[in-house]
Amino acid sequence: MTKLILRKLGWALLTIAFVLLLNFFLFRVMGDPTRLLKDPRLSQATIEAIRVRFGLDKPVINCFETLNPIKASLNACGVNPFNTQFAAYLSNLLKGDLGVSFHSQRPVAELLTERLWNTLLLIGAGQILAIIIGIILGLVAAWKARTVLDYSALVGSLTVWSLPTFWLGILLLFWGSNYLGLPLGGKETIGSGLTGLKRLGDIGTHLLLPTLTFTLVFIGEYMLIMRSTVLDVLSEDYILTAKAKGLSTFQILKDHALRNAMLPIVTIVALNLGFTVAGAIQIETVFSWPGLGLTIFEAVGRRDYPVLQGAFLLLAVSVVLANVIADLLYTFLDPRVRLA
Amino acid sequence: MRDFWQALRRNRMGVIGLIMIVLTLLMAIFAPLLAPYNPKERIRVTLDSIYAKPSLEHPFGTDDAGKDVLSNFIYGARVSLTVGFFASFISVVIGGTIGLISGFFGGKIDNLLMRFTDIVLVIPDLPLAVVLVALTKPSLMNIIIVIGILGWTGTARLVRSQTISVKERKFVLRAKAIGAHPLYILRNHIFPLVLPLMIANTVLVISLAILNESALAFLGLGDPSTLSWGQMLNFAFTRGAMSSGAWWALLAPGLGIVWLVLGCTLLGQGFQQILNPRLESHHLQKSEMIALEGSHVQQATG
């Protein structure tokens, strides 16, 4: 058991190492970031100054980039052989320093933590609603398998699955802001000066449509998974036994079907984290919800590479960590694994 | 193959999906005949022609540049289909190769390849795709490659598990016993049996690729020189369709994506139902009353 947990943690660490490497190489090797600052108003001297400031004048990983033995002894890093971009990247990461935004000149780490909470709020609200509603719908669809109700739930969830997230968001925004008087976007009314409960209410009305979009996008998948798992469970012989014992349909669904179907739900929530992040990027962009997704969108538009790099790293590492947690949770929930 | 076609014809979801895809394909192929205007043609823009309401002249209205939305929509199908087919081709080739090798050879190779697959699987694709396209040039080619190289993990796992189940079949073991070359077995015995599942999977990968392309385009990372459905939505959204109440510029491209993705999903589901028939009945159903009266064994085996 301990061995299993240690092995899983080991793989998570390896994955994170891979993400760190990928993140570094994408931004450094696929191109010197300042070369992408294609503003004709910048003089060569300014570009050079930016390169020095962000450490881009140093060698990428290897100080001994030349094969010439005389030059190799005087390596490109000066006295310190670890004076490379890669070493600086790692040591800065350990210090929690993700660099400075090209656009706002603020530290990236500070910028991201500010917005992380908004994303977590949105994802949390959307996912919890989607899971609860999806489970109920899936249970009913499986119980009423091969009826009109089941088929319409099936077609409905396939349709919802096929909707581009951002488009559903746009439609809801169009409807909500034109006919229901809901806000056009953002997290709260700027300059309203609201405090306490009123402010919470204001944030709530801003959160309504993004959460609804999130929920609708994910309900379909949870419903489908729940439906197929429950169908499997209900054709087991112990369901027949339960029925013979005289248990009511509700009791069978609650105690047998629901409990057994919880494991696949945990797995699918973990597997869905990537899609969740993709959903958050699109929904935040549509509703100008100031989270990590909107940060990525803005960073792309402004060619703000430090922010883009930091946001990608944060998202990828969080997804990896959340996956490990789900994996360990699964181990604890499943007696076949726990007791083995 | 003939049996497969027969089974598909009896699968209602599959048939509807296939019809939806074929209609879209026909629209894309005959775009110049169907579209009332040529989107590349220069037009004289007046204040009235920007976001003009749907009319006889422009059945779907006009967009931010005064162009006919219907014509853009018809031509846009070409882009979405191109991205969908080529990107999923890349994904299925990578995933299929990794899955076949991993499943067939097993052992260390399998372990290594599957660990790599797990690592790639866990990294969220859209942010990575955004980073990759933002760092390179957002041309159609780059978008196809990026979506293609990020979308193979599901296929790899599926093909691997199918390969493992096929390689233990008697005729494969027999071929091995008489000394057939592993590559020969892989090509002539295993691949043909894995192929149907791969085709079913391709259809689903196409739908994911189309969704990803539209999301990238919406985030401003579409090819600026081609007008895909995602790009149309991006232009409409960022250039004031919301505030001018121009729902027509937002509706058609979105519905196009849903139509095509739903078609692929239905066909993919249909394929899967044929290849992997699941017992869709259970003990809480009414039909069971009959089962309890004696034909239980029959139902369980059927």
What per residue convex hull volume, in Å³, do the alpha-carbon atoms of the range A:205-340 yield? 123 Å³
Equivalent ellipsoid semi-axes for the range B:133-279, as square roots of 5 times the alpha carbon gyration tensor eigenvalues: give them largest first, rounded to whole Å. 43, 18, 9
Given H placed 1.01 Å from N in the peptide plane, which residues other than close sequence neighbours of A:VAL100 have an amide H under 5 Å from its amide H? A:VAL108
Between A:LYS144, A:LYS58, A:LYS243, which gets the highest mean-square fluctuation from a Gaussian network model of chain A, Cα cutoff 10 Å? A:LYS243
Percentage of Cα-Cα pair distances in the range A:163-254 greater than 15 Å, rounded to whole percent? 72 percent
Along the charge dipole of the range B:95-210, Cβ charges K/R +1 and D/E -1, which of B:VAL166, B:MET141, B:VAL194 sits furthest on the positive end? B:VAL166
Computed for chain B: size of charge dipole around the Cα centre, +1 on C-beta of each Lys and Arg, -1 on C-beta of each Asp and Glu, debye to nearest 20, value 980 debye
Sum of -39500 (n - 2.57) over DSSP H runs of 4+, divided by residues of chain B (222 nm, nearest 500): -22000 deg cm²/dmol
Please give me the summed charge of the neighbours of A:VAL140: other residues whose Cβ is under 15 Å from its Cβ, Lys and Arg +1, Asp and Glu -1. +3
Per residue accessible area of the protein assembly as shown, 1.4 Å probe, in Å²: 50 Å²
In a Debye calculation with equal point scatterers on the alpha-carbon sites of chain B and no solvent, what is log10 I(q)/I(0) at q = 0.08, 0.09, 0.10, 0.12 Å⁻¹? -0.49, -0.59, -0.70, -0.90
May I ask you to compute the full-extension gain from A:THR46 to A:GLN105, defined as 0.36 nm times their residue separation minus their alpha-carbon distance, rounded to one decimal in nm? 19.7 nm
Between A:PHE25 and B:LYS170, what is the label-point separation in nm under the 7 Å Cα-to-beta-carbon projection? 4.8 nm
Taking the dipole of the protein assembly as shown about the Cα centre (Lys, Arg +1; Asp, Glu -1; charges at Cβ), the one of A:SER318, A:ALA49, B:TRP152 that reaches farthest to the positive side is B:TRP152
Semi-axes of chain A from the Cα gyration tensor (sqrt of 5 times each eigenvalue, largest first, whole Å) come to 47, 29, 16
Here the Cα Rg-to-2.2 N^0.38 Å ratio for the range B:171-220 is 1.90
Principal axis box of the range B:66-119, alpha-carbon based, largest edge first, Å: 61, 19, 8
Please give the residues of the range A:100-139, grouped as numeric ranges, whose backbone N is less than 18 Å from a label point set 7 Å along the Cα-to-Cβ vector of A:LEU200. A:118, A:121-122, A:124-126
Between A:THR241, A:THR84, A:THR147, where does the largest GNM mean-square fluctuation fall for chain A, given springs only between Cα atoms within less than 10 Å? A:THR241
Could you tell me how many degrees, from 0 to 90 and to the nearest 10, lie between the Cα long axis of helix B:153-167 and the main elongation axis, the longest principal axis, of the Cα atoms of chain B? 20 degrees
So how long is each side of the range B:1-70 along the principal axes, counting just the alpha-carbon atoms, biggest first, in Å? 59, 20, 18
Computed on protein heavy atoms with a 1.4 Å probe, what is the summed buried accessible area for the chain pair B and A, in Å² to the nearest 100? 5100 Å²
A 1.4 Å probe over the protein heavy atoms gives the range A:87-223 a carbon and sulfur accessible-area percentage of 72 percent
Per the range B:48-148, sqrt(5λ) over the Cα gyration tensor eigenvalues, sorted largest first, in Å, gives 43, 15, 10
Of every hundred units of 1.4 Å-probe accessible area on the range B:1-138, the number belonging to carbon and sulfur atoms, as a percent, is 66 percent
Counting only Cα, what are the radius of gyration and maximum Cα-Cα distance Dmax of the range B:224-268, in Å? 12.3, 39
Rounded to the nearest 20 Debye, what is the dipole magnitude of the range B:127-193 about its Cα centre when Lys and Arg each give +1 and Asp and Glu each give -1 at the C-beta? 340 debye
Candidates B:PHE89, B:PHE171, B:PHE271: whichever shows maximal mean-square fluctuation once chain B is modelled as a Gaussian network with Cα springs under 10 Å: B:PHE171
Quick check: with the 1.4 Å probe, what order do A:ASP232, B:ASP118, A:ASP334 take by accessible area, largest first? A:ASP232, B:ASP118, A:ASP334
Could you work out the percent of alpha carbon pairs in the range B:101-183 separated by over 15 Å, rounded to a whole number? 67 percent
Could you go through the range B:205-215 in sequence order and give the Karplus-derived ³J(HN,Hα) for each residue, using 6.51 cos²θ - 1.76 cosθ + 1.60 with θ = phi - 60°, rounded to whole Hz, and x for Gly and Pro? 5, 4, 5, 5, 5, 5, 4, 5, 4, 5, 5
Enclosed volume per residue, in Å³, of the convex hull spanned by Cα atoms of the range B:184-254: 104 Å³
If the convex hull of the alpha-carbon atoms of the range A:111-152 is projected onto planes in all directions, what is the mean projected area in square nanometres? 3.4 nm²
re the protein assembly as shown: pairs of Cα atoms spaced beyond 43 Å account for a percent value of 30 percent
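The values are calculated or read from the model by the stated rules, or taken from the named source; none is laboratory data. None of the values given here were measured: they were computed from a predicted structure. Don't worry about glycine lacking a Cβ; one is built from the backbone with ideal geometry, like all the others, and counts go over all protein chains shown. Note: accessible area is taken over every heavy atom of the protein model, side chains too, but ligands, DNA and RNA are not part of it. Shrake-Rupley method; radii C 1.70, N 1.55, O 1.52, S 1.80 Å.
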